[in-house]
Structures are given as structure tokens and as C-alpha cells.
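Novice: Got a structure for you, questions after.
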Amino acid sequence: ENQLLTDMSDGNSNRKRKREYNDEIKQQYKKPKYNNNNEENNNNNNEESSKYKSKHRNNRWSGNNKKKNSDNSDGSFGYNKKRKESERWGKKNEEKDENEEEEEEIIKQEVNYELSGALLEEQKTVINGIILNYTEPNDCSMTKKVWYLYPFKNEKRLDRIELKKKSFFLIGRQRMIVDIPSDHLSCSKQHAVIQFRKVDEKDDLGLITGRKITRPYIIDLKSTNGTKLNGVKLKSDKYYELREQDMLEFGFSSRQYILLSESSTGSTSTSS
């Protein structure tokens, strides 16, 4: 019995030792506990960070609202912002405006269906091996009514010139090809053309009657010193309708040409 008691006491003591050893090991590997001071500091830091975040969030949203309100306060809906940017970058906007205006002008220009390039060279008229600087329009026509040019030099009348049997008459210094020579040095070789065209007849009010008539026109061929109609210098490459008793001048020549028709002169010449 005594031996059994001793064995039991030894077993209990060994168990106690094991428990104590296990408790020591557990205590070593346990996470360190923070002090109350550290916990308070951490709580304070968390509170400050949350306050900063909420304040920053409120400022951000309030700032956007202020901007929106300021933009729309005058009813401009952001137009002022664009205007300030345009004032800041004025030069760039001016360049854009100029480019836009040029594009609008190009769009506004009418389409030119006239011949150009190789087709234009094929249509050019050649007389005595010389290429004319002029091509007739599609509505060119020979006149049945005879017209006359009466040249005057220093109030002295010269021989009249008949305008018939042709649809156009070339004026200039190049005698090999011109129909009406003008030898003054201020005149160009191919100076101007009198062209007969079939156009719509108009009444005294300017309304179209529905009939076609042949009328004379004058066009300047980009001459150096120009052409004058009744004392007014004409634009080049543009047709101007001629009427009876109109006066033509070419360059600085002192000659003046008066246009009259067969009916106004009372001539008995037959129409072509």
C-alpha cells in the first residue's frame, strides 16, 4: 500500500511538472498585449484619420458643387469657361477662325465646269500657226443683223468696220490673226474680242420674253492696259453686253470706236 501511494504521488508530481512546462511554453508564444496607453493612441489616430477623410470628402463634393453653381449662376452653362479658354489661347482660335472662313469661301465658290488642261488645248483655235488666247462660248452665234464700228481719231471719222459673217472679231496688234488691227504700242497683241452670243430676249422691265436673240458682247483678254466701255475700264475675262452708240477704247490709243447697227444707220446692206 505504501508503495502504491508513493507511485501515485510521483505520478501526480510529474503531471504537475508537465502542466507547468506547457504553460510556460504557451506564455512564450502568446501575442504581446498592448498597454492601455498604446490602445488609446491607436484609437486617437483612427479617429483623426476618419475625420480627415470625411473632411476631405466633404470639401471635394462641396468644391464641385461650387464650381457648378458658379458656372451656371449667370445662365451661361459653361460658356464663360470656354470664353476664358478662348481668351487665353486667342491666337490659336484666331487661326482656326481664319481657316474656317477660308473653307466657307471655298464652299461658297461655284463649281467651274469650263475646260482645262489637255481638253482646253484641244479646243484652242489656231490661225496661221498662232494659237489664240480665246475660245468661244457655247452660246456663240453669227448675227443676221449687221453691226458697224465707226472709228474716230481726234474727232476725225475713219472708215467704218463691218461686223458680219463671223461670230467673233479679234482686236489687237498681231495683224496676222486679228480682225480689227490696233497698232498703238499700248495695245496688246491679242487685246479684246467682240463676241456675238445667242441669249434670252428681255423686255423693258427686264423680264424674259421666251425668244432668243443674238447680241454683241465685249471681253478683255487680260490685256496690259485694259479696255474701256464708255470711259469705264472693264474687268478681264468677263463679258459685257454692247448697245447701240456705245464707245470702245483700247489701251491708251486715241482712237474711239462707236458701235451702231444697220437699222440705226439706215444702211441698205443685206443681212447675211
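The values are calculated or read from the model by the stated rules, or taken from the named source; none is laboratory data. On a predicted model such as this, the values are computed, not experimentally measured, just so you know. Backbone-built Cβ (ideal geometry, glycine too); neighbour counts: all protein chains shown. The protein model used for the area step is the full one, side chains on, heavy atoms only, and it has no ligands, DNA or RNA in it. Shrake-Rupley method; radii C 1.70, N 1.55, O 1.52, S 1.80 Å.
Novice: I'd like the residue in region 227-261 that is over 13 Å from Val193 (Cα atoms) and among the β-branched types (Val, Ile, Thr) and, out of all such residues, is most open to solvent (accessible area, probe 1.4 Å).
Specialist: By that ranking, first place goes to Val232.
Novice: Can you confirm whether region 200-212 contains a residue that is of a type in the set (D, E, K, R), open to solvent by less than 40 Å² (accessible area, probe 1.4 Å) and out of contact with any Pro (no Cβ under 8 Å at 6 or more places or on another chain)?
Specialist: No, the conditions are met nowhere in region 200-212.
Novice: Here is a list: Ile171, Ile194, Ile218, Ile180. Which entry is buried (at least 18 other Cβ atoms within 10 Å of the Cβ), closer than 23 Å to Lys145 by Cα, in contact with a His (Cβ under 8 Å, 6 or more places away or on another chain) and not hydroxyl-bearing (Ser, Thr, Tyr)?
Specialist: Just a single option satisfies the conditions, and that option is Ile171.
Novice: Can you report the number of residues in region 241-254 which are at pLDDT 95 or above and either over 16 Å from Thr227 (Cβ atoms) or over 44 Å from the mean Cα position of the chain (by Cα) (or both)?
Specialist: The total comes to 0.
Novice: Quick check: is even one residue across region 197-210 at pLDDT below 90 and either in contact with an Asp or Glu (Cβ under 6 Å, 6 or more places away or on another chain) or closer than 16 Å to Asp237 by Cα (or both)?
Specialist: Yes, there is a match, as at least one residue in region 197-210 is at pLDDT below 90 and either in contact with an Asp or Glu (Cβ under 6 Å, 6 or more places away or on another chain) or closer than 16 Å to Asp237 by Cα (or both).
Novice: For region 215-232, enumerate the residues that are among the charged types (D, E, K, R), assigned to a strand (DSSP E or B) and closer than 16 Å to Ile171 by Cα. Give the steps one after another, and end with the answer.
Specialist: Of the residues in region 215-232, the ones among the charged types (D, E, K, R) are 215, 220, 222, 228.
Now drop any that are not assigned to a strand (DSSP E or B), which leaves 215, 220, 228.
Passing the criteria: Asp220, Lys228.
Novice: Does any residue of region 242-254 turn out to be more than 15 Å from Leu149 (Cα to Cα), in a strand (DSSP E or B) and among the hydrophobic types (A, V, I, L, M, F, W, C)?
Specialist: Among the residues of region 242-254, not one is more than 15 Å from Leu149 (Cα to Cα), in a strand (DSSP E or B) and among the hydrophobic types (A, V, I, L, M, F, W, C), which makes the answer no.
Novice: Oh, and also: Is region 164-172 home to any residue that is under 18 Å from Ser264 (Cβ atoms), without any contact (Cβ under 8 Å) to a residue 40 or more places away in the chain and basic (Lys, Arg)?
Specialist: no
Novice: Residue under question is Ser188, and the condition is that it be under 17 Å from Phe252 (Cβ atoms), open to solvent by less than 50 Å² (accessible area, probe 1.4 Å) and within 38 Å of the chain's Cα centre (by Cα); does it hold? Working first, answer last.
Specialist: Numbers: under 17 Å from Phe252 (Cβ atoms): yes; open to solvent by less than 50 Å² (accessible area, probe 1.4 Å): yes; within 38 Å of the chain's Cα centre (by Cα): yes.
Yes; evaluated as a whole, the condition is true for this residue.
Novice: Just one of Val193, Val199, Val178 is of a type outside the set (D, E, K, R) and assigned to a loop (DSSP other than H, G, I, E, B); which is it? Before you say what the answer is, go through the steps one by one.
Specialist: Details: Val193 fails: assigned to a loop (DSSP other than H, G, I, E, B); Val199 fails: assigned to a loop (DSSP other than H, G, I, E, B).
Just one listed residue meets the conditions, Val178.
Novice: For the list (1) open to solvent by less than 90 Å² (accessible area, probe 1.4 Å); (2) more than 23 Å from Val126 (Cβ to Cβ); (3) part of a loop (DSSP other than H, G, I, E, B); (4) among the hydrophobic types (A, V, I, L, M, F, W, C), I need the number of the one condition that Phe152 fails.
Specialist: (3)
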